[in-house]
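> Here you go, one structure.
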Amino acid sequence: MALAARIIYSLTLCSISVFVSAQGVSTPIPLVNPSTSHTKAVKPSKITKPLWGELKTEQQAALAPLQTEWLKMSEVQKRKWLEVSKNYSRLSAVDQSKLHTRMTDWVRLSPEERAMARLNFSAAKTLTPEEKQKKWEAYQALSVEEKAELQAKAKANTPNSAALAARPQNKVFPGKPYATPIPAALVTTPVPTEK
């Protein structure tokens, strides 16, 4: 049950992280309206296994919101979602519904919005619960106009490319708080040669 709680917590944190950035309160990314979104078929360059029809009934029930995107997913993505589905039957009905809602929200995001959510999630993981709560309350206290202004600003700062980094580039590894500079004695400068 602890794994199921961690999965729900991770998905909840991912949803909240769309609203929180490391520099301050950011705007939520608007979801695509399914009634107006395009339904153009996308031909994947490589079909990965397992196919939707190859999943067990329990897995299909757990991953139902992802059915339309299943064919487009990589094998790694499918494995991650299959891992989430393992504990689905052990969740309460409320938690199952919450998980499906979060999956549906995720599917509706564009690739750019997903990349931004991943970056925000990475940034939010570095915040303490108190900092997250403070930022969330600050966002909630904004007026509708201020939220719209933040949303426009965030949209203007979002690149049009889906090739965003999956994690922040300034990652600090445990035990190595800073990049180690190369000693000046080891740095060689090219010596000009005569011809």
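> Within the stretch 66-104, which residues are in contact with a helix residue (DSSP H, G or I) (Cβ under 7 Å, 6 or more places away or on another chain) and over 24 Å from Gly53 (Cβ atoms)?
Across the stretch 66-104, the qualifying residues are Arg90, Leu91, Asp95, Lys98, Arg102.
> Return yes or no: is Asn120 within 23 Å of Pro50 (Cβ to Cβ) and crowded, with 18+ Cβ neighbours inside 10 Å?
So Asn120 does not fit the description; no.
> If the Cβ limit is 7 Å and pairs must be 6+ apart or interchain, which residue in the stretch 91-103 that is under 18 Å from Gln77 (Cα atoms) pairs with which residue that is surrounded by 16 or more Cβ atoms within 10 Å (Cβ to Cβ) and not aromatic (Phe, Trp, Tyr)?
Leu99/Ile8; Leu99/Leu11; Leu99/Leu91; His100/Pro65; Arg102/Leu11; Arg102/Ser15; Met103/Pro65; Met103/Leu66
> If I filter the stretch 152-160 for residues that are hydroxyl-bearing (Ser, Thr, Tyr), assigned to a loop (DSSP other than H, G, I, E, B) and in contact with a helix residue (DSSP H, G or I) (Cβ under 7 Å, 6 or more places away or on another chain), do I get at least one hit?
Within the stretch 152-160 (the criterion being hydroxyl-bearing (Ser, Thr, Tyr), assigned to a loop (DSSP other than H, G, I, E, B) and in contact with a helix residue (DSSP H, G or I) (Cβ under 7 Å, 6 or more places away or on another chain)), the answer is yes, since at least one residue qualifies.
> If you don't mind, another one. Within the stretch 99-117, does at least one residue satisfy the condition of being loosely packed, with under 13 Cβ neighbours inside 10 Å, at pLDDT 60 or above and not aromatic (Phe, Trp, Tyr)?
Checked the stretch 99-117: at least one residue is loosely packed, with under 13 Cβ neighbours inside 10 Å, at pLDDT 60 or above and not aromatic (Phe, Trp, Tyr).
> Continuing with this model, one more query. So which residues in the stretch 85-98 are more than 23 Å from Lys46 (Cβ to Cβ) and surrounded by 18 or more Cβ atoms within 10 Å (Cβ to Cβ)?
Asn87, Tyr88, Leu91
> Now, a different point. Test of understanding: among Thr126, Thr57, which residue is of a type in the set (Val, Ile, Thr), surrounded by fewer than 14 Cβ atoms within 10 Å (Cβ to Cβ) and in the same structural domain as Lys155 (by TED's automatic domain parsing)?
Going through Thr126, Thr57 in turn, the sole match is Thr126.
> Output the residues belonging to the stretch 84-118 that are more than 18 Å from Gln67 (Cβ to Cβ), among the hydrophobic types (A, V, I, L, M, F, W, C) and under 20 Å from the mean Cα position of the chain (by Cα).
Hits for the stretch 84-118 are Ala115, Met116, Ala117.
The values are calculated or read from the model by the stated rules, or taken from the named source; none is laboratory data. Remember, it's a predicted structure, so these values are computed and weren't measured experimentally. Positions of Cβ are generated from backbone atoms using ideal geometry, with glycine treated the same way; all protein chains shown enter the neighbour counts.
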